[in-house]
Amino acid sequence: MAFDNVDENEKDLYAGKSPDIYSGYKPKQTWVIRNDIRNKIEHYNINKSNKQEHPAALRPYSKYLDDFARHNHFNVVHPTLKLLARGLELPEDTLIKQHQFDAEGESSIRFMKYFPRSKEEEEKTEHVWLKGHYGMLDLELCGTKRSLSSLDTDCVSVLWSQPIGGLQIRSPDGKWRWIKHMDNALVINAGDGLDFLCGGYYPPTCHRVVQPPADQANCARLGVFYFCYADEDVQLAPHTESSVLQRVGIKSQLKPGTVAPTMRQWRSSRVKSYGQVKLTEGAEKGVEEEVVLGVVVKHYN
């Protein structure tokens with residue numbers, strides 16, 4: 001509906017205007033994937049407040065969009081945050097207080113459509129449609145290195161499982177493995193924000209999207225998501241009061257003495273840079289890097 005029932009001229013009217021917020025339409029060809037090949041992915045993003053005006057085809061469904069955002073936030077994300085807080089031996093509402101639906105923030109619904117590409121484009125990008133991300137912050141003052149970050153700049157990502165393949169996760173052994181579709185299932189991932197808040201106890205999963213398997217290779221791939229961010233003014237500092245973190249130690253993403261960024265600062269910096277800055281070749285094969293607020297973010301091809 002958001003893509004096939006809205007013509008290109010109307011999409012332009014509702015295209016996102018801000019460089020650091022995903023809002024409205026993001027057209028194809030916005031991001032460079034590899035070898036000067038740009039992506040063939042369309043987004044339509046709707047802030048949880050649902051105050052933005054929609055294209056004509058979507059206006060009759062505004063109430064459903066609002067209900068869908070609330071369902072994800074209160075019936076999926078909040079129970080997840082309760083469990084994660086309990087895992088840290090914190091009061092159940094500790095993380096929920098930092099993820100309020102009515103507070104200022106950029107939690108949003110996203111419709112995402114991946115379009116098939118030519119054989120030449122697939123070869124030049126090694127069949128990667130959306131790069132996998134993982135970050136590494138060099139903690140030289142501590143003599144250690146800490147892994148950080150996935151593609152998700154939020155705290156909790158909710159993907160509604162769909163039948164066209166393409167999603168892969170990077171396992172601890174370094175191999176990429178397919179995520180199997182399950183009817184009525186949700187794929188939940190921890191994002192950068194949660195990694196900060198929980199002191200590295202719940203690390204994000206590095207993931208990417210590649211060309212679907214051969215029997216689906218020419219199919220468009222539609223994704224429906226809810227990305228939950230912490231409130232904009234939340235400082236992404238670990239909950240040092242957690243008895244679990246006190247026992248196992250905090251895997252800090254920041255150099256000692258560095259003030260943790262707010263959710264707004266981290267989100268804005270990541271969104272501005274993704275697919276827009278020139279990457280440098282990393283030490284690992286097939287990995288490119290960029291630096292965001294002092295964090296070396298790795299892009300897996």
**Message:** Whole-Hz ³J(HN,Hα) for each residue in region 43-51, computed from phi via Karplus 6.51 cos²θ - 1.76 cosθ + 1.60 with θ = phi - 60°, x for glycine and proline: what do you get?
**Reply:** 10, 9, 10, 10, 4, 3, 5, 6, 8
**Item:** Candidates per trypsin sites (Lys or Arg not before Pro) in region 38-110, loop by DSSP, up to 12 other Cβ within 10 Å
**Value:** Lys51
**Complete:** Gyration tensor on Cα atoms of region 33-102, a ≥ b ≥ c root eigenvalues, a/c under 1.5 rounded, else prolate if a/b beats b/c, else oblate, says oblate
**Prompt:** From the square roots a ≥ b ≥ c of the eigenvalues of the alpha-carbon gyration tensor of region 219-261, which class results: rounded (a/c under 1.5), prolate (a/b over b/c), or oblate?
**Reply:** prolate
**Item:** ³J(HN,Hα) computed for each position of region 223-229 - Karplus, 6.51 cos²θ - 1.76 cosθ + 1.60, integer Hz, glycine/proline x
**Value:** x, 10, 10, 10, 9, 9, 9
**Message:** Could you tell me the center-to-center distance, by alpha carbons, between region 204-251 and region 50-74 in angstrom?
**Reply:** 23 Å
**Prompt:** How would you order 193-201, 164-172 from highest to lowest mean count of nearby Cβ atoms within 10 Å?
**Reply:** 193-201, 164-172
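Any read-out appearing in this document is the output of simple, stated calculations on the displayed coordinates, not a laboratory observation. Owing to the predicted nature of the structure, the values given are computational and were not obtained by experimental measurement. FYI the Cβ positions are ideal-geometry reconstructions off the backbone, even for glycines, and counts take in every protein chain you see.
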